Amino acid sequence: MTDFLLELRSEEIPARMQKGARAELEKLFRAKLGEAGLTASAITVYSTPRRLALIAKDLADETQAVSEERKGPRADAPDKAIEGFLRSTGLTRDQLVEREDKKGNAVLFAVIETPGRATRDVLAEAIPAIVREFSWPKSMRWGAASQTTESLRWVRPLSGIVALFGEQVVECEVHGVTSGAVTLGHRFHHRGDITIGDADDYAVKLRAGHVIVDHEEREAIVRDGAAEAAADAGLSLVADEGLVVENAGLTEWPVPLLGRFDAAFLDVPQEVIQLTARVNQKYFVCEDGEGRLANAFVCTANIEATDGGAALVAGNEKVLAARLSDAKFFWDLDRKTSLAVHAEKLKDIVFHEKLGTVADKVDRVAKLARWLVEEGIVGDGEPETADLAQKAAELCKADLVTEMVGEFPELQGLMGGYYAAAEGLDPRVAAAIRDHYKPVGQGDDVPIAPVTVAVSLADKLDTLIQFFSEDLKPTGSKDPFALRRAALGVIQIIETSHVRLPVFETALRGLDSNWKIKSPVDFSAFADAARTAFKDRLTSRYDGDENRYLQRIWDLLDFFADRLKVQQREAGVRHDLIDAVFALGGEDDLVRLLARVKALQAFVETPEGTDLIAGYKRAANILKKEGTEAAAEQQNLSYTPEAAEKALIDSLAAAEPRARSAVEAEDFEGAMAALASLRDPIDRFFEGVTVNDEDETKRAARLALLSRFRAAVNQVADFSKIEG
């Protein structure tokens, strides 16, 4: 068994691409091994800014010989058929074997013997193929050959290949670069070539050349060294694992160094300072003992300077000072103009060609936020809360036109909150402006303050309503307007704050804000018709714009159902139960819906629930087979019901009102308990009663009784949607 080393050296590989490149190299190499029937006991992949390296342990020196048998045509087949088979196998007619099949026919077989190959030869073919097939997020061509599109594409110009099988060079050539045993060390700390003996001494010899090839080791040096540099100054490092990985990807010999900046810059919001240091310069920031941002940063040098890094630190301090000066200038300049004046500029920014400007969106959001409060959906319904929500919504996008957000788009919302506070606006308005984008993903903070909740919900709901109204909904994996994220944000806020949001009525309200540019139809007439249709989703009765926009509201409700399934799956909630509740129609209160789903899940996992579902499905199948929608209330029997029949009638008479009252009181556990009482009666009914009796009167009455049973159960959920 022999170890294999491959190093692909190039100009600097962007740090953000190195993780994917390591995975790609391993994937392609394993695929080539698999094609040759080879396996490695372990594969390790490394990356530095200037190289990708792979070490495969314990490869066999040769591939195994393979014997393959292929069945061909019959021996008396036409010549053309036999010739085609010979061409596909590479054999001659006398090399084929004749055998009898089960029918006694003579059939030709080819036995193809593939001898084992030297693993070095396999690797020599694999290396160029791996380089050619390598997938980079961005790549380039270079040199004279780049004039043709057939030339090699690579992330940066490829300059060297080390390929060693044991101590022997695996000879190959890629784009004019030939393989060998020679590599280069650190760009500044090492002069001349480094000759590698085998895979075992690769990392050792490169370390001697001031290159740490193990990216995880470099990450540890950056992480621990930066924390130590901060601690030596009596400070603590603000942890940033992404920055650790990036700095490790930018250096081959990382050396963390502490620098300082003018404390006067601390007047600028700390997020601005941190983002300036992180995004522009890849610096860590530090905090003092009280958790406040300190006027210190940690940079990562790529050399071990003879002066202890003093000159490097001074240079980085100068660069950061210039960046912070720009940030302070933006901060001071933006505050000279009120948010209300900034907001005027939103009229010049198109939100979407079909949905007007950002100013149009802000106007819709402000109206919707006020309505959410006035209707008592969010907060206490007090006029003051409604006024604050409207004010915050009117200003929530104003910071988009500020200099600071123009420089750092990541700070939108946050800077608006700072500017509102600096302007002396109500703290609740400032907080709502700051946090109205939240939550923006799993793990993000979810707003709970009423004013913030109103603005955040209004913003997300407006986005969903308007894009769906124009049929600009997500398709497949494409979601250019982040509507899935908006819907999940709405769901998270509703769950956290227990907001009783009527999605259908809210969608109507949102459409009303923009109706005149959508349809010539009178909106109030459309809304009345839509409310009438809501429970049963009856859209076919309408023509033109009404039907189109009503259908898009249904699409939005279905979209929320789909997002609920995704969001609740991790919590162990079954998607079919969400379908069962949504299928009832008329249910758009997501808090109530989830309460109903959770009660249903608890019920269906009990023996009573399992048996009741079985009885329900049997009843539903009979009714479907008979093609009847017999009225459940039709119980005027002209005969004496049998005992099992009478027991079900009595049980329904008791269970129906109990379940109805429990549902109205949102006591879904109580509704399930009422339905559970039907388990034994429906079982006895099927055991003791013939539904399709020859007596037409009995048959009709029993079908009507099953229809009544189905309707009673469907008060809680559409049990036909439940799997199992």
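Points worth noting:
- Any hit, region 236-253, residues being within 30 Å of Q274 (Cα to Cα), out of contact with any Pro (no Cβ under 8 Å at 6 or more places or on another chain) and part of a strand (DSSP E or B): yes
- Filtered residues of region 106-141 (kept if among the hydrophobic types (A, V, I, L, M, F, W, C), crowded, with 16+ Cβ neighbours inside 10 Å and modelled with pLDDT under 85): A110
- Selection within region 688-709: residues that are among the β-branched types (V, I, T) and part of a loop (DSSP other than H, G, I, E, B). The member of this set that is surrounded by the most Cβ atoms within 10 Å (Cβ to Cβ) is V691.
- Condition check for I465: more than 20 Å from K361 (Cα to Cα), crowded, with 20+ Cβ neighbours inside 10 Å, touching a Ser or Thr at 6+ places or on another chain (Cβ under 9 Å) and at pLDDT 90 or above: no
- Any hit, region 632-645, residues being in a helix (DSSP H, G or I), out of contact with any helix residue (DSSP H, G or I) (no Cβ under 6 Å at 6 or more places or on another chain) and modelled with pLDDT of 80 or more: yes
- Any chance V405 is in contact with a Gly (Cβ under 9 Å, 6 or more places away or on another chain), over 20 Å from V440 (Cβ atoms) and in a helix (DSSP H, G or I): no
- Screening R541 against (1) at pLDDT 65 or above; (2) out of contact with any Leu (no Cβ under 8 Å at 6 or more places or on another chain) leaves a single unmet condition, (1).
Yes or no, residue by residue, for (1) touching a residue at least 24 places away in the same chain (Cβ under 8 Å); (2) of a type in the set (S, T, N, Q); (3) in contact with a Ser or Thr (Cβ under 8 Å, 6 or more places away or on another chain):
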residue: D240; (1), (2), (3): yes, no, no
residue: E252; (1), (2), (3): yes, no, yes
residue: E271; (1), (2), (3): yes, no, no
residue: F284; (1), (2), (3): yes, no, no
residue: I303; (1), (2), (3): yes, no, no
residue: A310; (1), (2), (3): no, no, no
residue: E317; (1), (2), (3): yes, no, no
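- So I161, is it outside any strand (DSSP E or B), at pLDDT 90 or above and in contact with a helix residue (DSSP H, G or I) (Cβ under 9 Å, 6 or more places away or on another chain): no
The rows are residues; the columns are (1) among the small types (G, A, S); (2) buried (at least 24 other Cβ atoms within 10 Å of the Cβ).
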| site | (1), (2) |
| --- | --- |
| R370 | no, no |
| E375 | no, no |
| E382 | no, no |
| D387 | no, no |
| A393 | yes, yes |
| K397 | no, yes |
| V401 | no, no |
| P409 | no, no |
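- Extreme residue, farthest from L511 (Cα to Cα), among residues of region 338-367 that are outside any helix (DSSP H, G or I) and among the aliphatic types (A, V, I, L, M): I349
- Within region 69-100, considering residues that are in a loop (DSSP other than H, G, I, E, B) and over 55 Å from the mean Cα position of the chain (by Cα), the one surrounded by the most Cβ atoms within 10 Å (Cβ to Cβ): L96
- Checked against (1) part of a helix (DSSP H, G or I); (2) surrounded by 18 or more Cβ atoms within 10 Å (Cβ to Cβ); (3) of a type in the set (A, V, I, L, M, F, W, C); (4) modelled with pLDDT of 95 or more, L33 passes all but a single condition, namely (4).
Residue by residue, here is whether (1) more than 40 Å from the chain's Cα centre (by Cα); (2) not aliphatic (A, V, I, L, M) holds:
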| residue | (1), (2) |
| --- | --- |
| V177 | yes, no |
| R207 | no, yes |
| I212 | no, no |
| D224 | no, yes |
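- Looking only at region 285-318, and only at residues there that are outside any helix (DSSP H, G or I) and aliphatic (A, V, I, L, M), the one that is surrounded by the fewest Cβ atoms within 10 Å (Cβ to Cβ): A305
- Lone qualifier among Q492, Q466 - being part of a helix (DSSP H, G or I), of a type outside the set (F, W, Y) and farther than 17 Å from L511 by Cβ: Q492
- Tally of residues being among the β-branched types (V, I, T) and either part of a helix (DSSP H, G or I) or within 16 Å of Q270 (Cβ to Cβ) (or both) across region 327-337: 0
- Test for I212: is it of a type outside the set (S, T, N, Q) and assigned to a strand (DSSP E or B): no
- Flag if A712 is touching a residue at least 12 places away in the same chain (Cβ under 8 Å), part of a helix (DSSP H, G or I) and touching an Asp or Glu at 6+ places or on another chain (Cβ under 7 Å): yes
- Of the residues making up region 138-155, those that are over 15 Å from E12 (Cβ atoms) and either in contact (Cβ under 8 Å) with a residue 60 or more places away in the chain or assigned to a loop (DSSP other than H, G, I, E, B) (or both) are R141, G143, T148, T149, E150, S151, L152, R153.
- Subset of region 412-454 (residues that are in a helix (DSSP H, G or I), out of contact with any Cys (no Cβ under 6 Å at 6 or more places or on another chain) and hydrophobic (A, V, I, L, M, F, W, C)): L414, M415, A420, A421, A422, V429, A430, A431, A432, V451, V453, A454
- Counting residues in region 48-63 that are acidic (D, E) and assigned to a strand (DSSP E or B) gives one or more.
- The residue pairs whose first member lies in region 353-382 and is within 16 Å of S513 (Cβ to Cβ), whose second member is in a loop (DSSP other than H, G, I, E, B) and of a type in the set (K, R), and whose beta carbons are closer than 6 Å, counting only pairs six or more residues apart or on different chains, are V358/K397; V362/K397.
- Unmet criterion (only one of (1) in a helix (DSSP H, G or I); (2) surrounded by 15 or more Cβ atoms within 10 Å (Cβ to Cβ); (3) out of contact with any helix residue (DSSP H, G or I) (no Cβ under 9 Å at 6 or more places or on another chain)) for R9: (1)
The values are calculated or read from the model by the stated rules, or taken from the named source; none is laboratory data. Being a predicted model, the structure only gives us computed values, none of them experimental. Neighbour counts are summed over all protein chains in view; Cβ atoms, including those assigned to glycine, are modelled from backbone coordinates with ideal geometry.
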